[in-house]
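Asker: Below are the structure tokens for one structure; questions will follow.
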Amino acid sequence: MQAEIKKIIFTSFILVQSLLINAQDKVQIRTTSASPAASFEQEVGSAKIKMAYSRPLVRGRKIFGELVPFDKLWRTGASDCTVITTFEDISFGNSVLKVGSYSIFSIPSINEWTIIVNADTTLHGETGYDEKKDVIRFKVPTEKSPNFYETFTIELNDINSKGEAFLKILWENTMVKIPLKSKEDDTILALIDQHITKGKTQDANLLFQAANYYYSTNRDFKQAIEWLIEAEKINPQNFYYPNLRQKLASENKDYMNAIEAAKRAISLADKEKMKKTIEILNNKIADWEILLKR
């Protein structure tokens, strides 16, 4: 009986050891990618932009002028070509980039880069690049980046109310900024010209929208105030018209008219029991009255 038990234990031990050896044989250590893939999608005004690229690391190397030679074609990243996709015609650099997907190449130099937009998005690195398929070429100056970038980075930032932005390429201590703009601003200005400047609209809300767009994009505040005055004549019970007018007048340092507009807004806000708004406007009036006495 004891011999039988010993045999079972020994057989079980051999089986366990065999499983452990087999498991060890199958163990694999997977290293992380030297150039991890990245992508992002960003709205700029009315445009939607997508980027897909790979992100190599510095890893103690000198990048521009050595790893990435000056004055030679570069894939602008690593692995497969960097791809930009736009779902609306946009201004890109100094040209119009039509709807579609494109590869981005560059020729880095010390003081400026040549940015190349190419129609072929199937390339791996620079292999197979055909200059005849270039869609746009333009130059942008180099800048010192605000921080050291260990990882190659492309970002879409500095977006403003006019639908403008910069596509920034950053690596090591170098930054280049590509100006980009959607067509939204041109579209809105064309509508303002058609319906307000030429059409002399009597739509109070449309006048308010135009004035608000001028305010948000820092355009002609005096013109915006004129539109609001017209809107108030058409609809004198709308709080938002004099409220925006006081903001525009104060930005112009026209404190007398800012006070008048704020008082008008307060009278309308009082009907809606907007206590916090009334308090804020009264504080503004007090500040403006002090400025007028100086």
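Asker: Of Tyr213, Gln246, Gln202, whose Cα points farthest to the positive end of the dipole of the range 172-266 (charges on the beta-carbon: +1 Lys, Arg; -1 Asp, Glu; origin at the Cα centre)?
Answerer: The residue sitting most towards the positive pole is Gln246.
Asker: Before anything else, pin down the relative contact order of the range 113-194: Cα pairs under 8 Å, at least 6 apart, normalised by residue count, whole percent.
Answerer: Here the relative contact order equals 24 percent.
Asker: So, with +1 on the Cβ of K and R and -1 on the Cβ of D and E, and no other charges, what is the size of the charge dipole of the range 215-291 about its Cα centre, to the nearest 20 debye?
Answerer: Here the size comes out at about 200 debye.
Asker: Treating the angle as unsigned and between 0 and 90°, give the value, to the nearest 10°, between the Cα long axis of helix 255-271 and the longest Cα principal axis of the chain.
Answerer: Between the helix axis and the principal axis of the chain, the angle is about 80 degrees.
Asker: Once the mean 1/r over all distinct Cα pairs of the range 162-294 is inverted, what Kirkwood radius in angstroms do you read off?
Answerer: 16.8 Å
Asker: Sticking with this structure for a sec: Place a +1 charge on the Cβ of each Lys and Arg in the chain and a -1 charge on the Cβ of each Asp and Glu, then give the dipole magnitude about the Cα centre in debye, rounded to the nearest 20.
Answerer: For this selection, approximately 640 debye.
Asker: For semi-axes √(5λ) of the Cα gyration tensor in Å, the choices are (1) 43, 39, 18; (2) 32, 21, 19; (3) 59, 32, 19; which was calculated from the structure?
Answerer: (3)
Asker: So which of Lys50/Lys168; Lys233/Lys293; Lys48/Lys132; Lys48/Lys98; Lys139/Lys177; Lys98/Lys132 end up more than 20 Å apart, counting from Cα to Cα?
Answerer: Lys233/Lys293; Lys48/Lys132
Asker: Of the options Thr187, Pro146, Ile278, report the single residue whose Cα projects farthest towards the positive end of the charge dipole of the range 141-294 (beta-carbon charges: Lys, Arg +1; Asp, Glu -1).
Answerer: Of the candidates, Ile278 comes out farthest on the positive side.
Asker: Tell me the relative contact order for the chain as a rounded percent, counting alpha carbon contacts under 8 Å between residues six or more apart.
Answerer: 11 percent
Asker: Answer with one residue from Trp171, Ala269, Val117: the one whose Cα lies farthest towards the positive end of the charge dipole of the chain, charges on Cβ with Lys, Arg +1 and Asp, Glu -1.
Answerer: Result: Ala269, furthest along the dipole toward the positive end.
Asker: Right, another one. Hey, quick one: spin label on Arg294, modelled 7 Å out along Cα-Cβ, who in the range 239-254 has an amide N within reach, i.e. under 16 Å?
Answerer: Once the point is set 7 Å along Cα→Cβ of Arg294, 250-254 turn out to lie under 16 Å by backbone N, inside the range 239-254.
Asker: Cβ under 10 Å from Lys183's Cβ, Lys183 left aside: what net charge do those residues give with Lys, Arg +1 and Asp, Glu -1?
Answerer: Here the count lands on -4.
Asker: Moving on. Evaluate the relative contact order of the range 148-290 (contact order divided by residue number), counting alpha-carbon pairs under 8 angstrom at least 6 apart; express in whole percent.
Answerer: The value is 12 percent.
Asker: Can you list the aspartates and glutamates whose alpha carbon sits under 16 Å from that of Lys133, skipping same-chain ones fewer than 8 residues off?
Answerer: Filter leaves Asp120.
Asker: Tilt of helix 2-26 relative to the longest C-alpha principal axis of the chain, in degrees (0 to 90, nearest 10)?
Answerer: 50 degrees
Asker: To the nearest 20 debye, what charge dipole does the range 123-227 have about its Cα centre, counting +1 at the Cβ of each Lys and Arg and -1 at the Cβ of each Asp and Glu? Don't skip to the end; give the middle numbers.
Answerer: On the way: 14 positive and 17 negative charges, 66 e Å.
Here the size comes out at about 320 debye.
Asker: While we're on this one: Tell me the net charge near Asp89. Cut-off is 13 Å between Cβ atoms, Asp89 excluded, with +1 for each Lys or Arg and -1 for each Asp or Glu.
Answerer: Result for the neighbourhood of Asp89: +1.
Asker: With axes computed from alpha carbons, what is the tilt in degrees of helix 240-251 against the longest principal axis of the chain, rounded to the nearest 10 within 0 to 90?
Answerer: 90 degrees
Asker: Please give the solvent-accessible surface of Asp158 in Å², to the nearest 10, using a probe radius of 1.4 Å with every protein chain present.
Answerer: 80 Å²
The values are calculated or read from the model by the stated rules, or taken from the named source; none is laboratory data. All values reported here derive from a predicted model rather than from experimental measurement. All Cβ positions, even for glycine, are placed from backbone atoms using ideal geometry, and neighbour counts span all protein chains on display. To get the accessible areas, we keep the full protein, side chains included, count just its heavy atoms, and leave off ligands, DNA and RNA. Shrake-Rupley method; radii C 1.70, N 1.55, O 1.52, S 1.80 Å.
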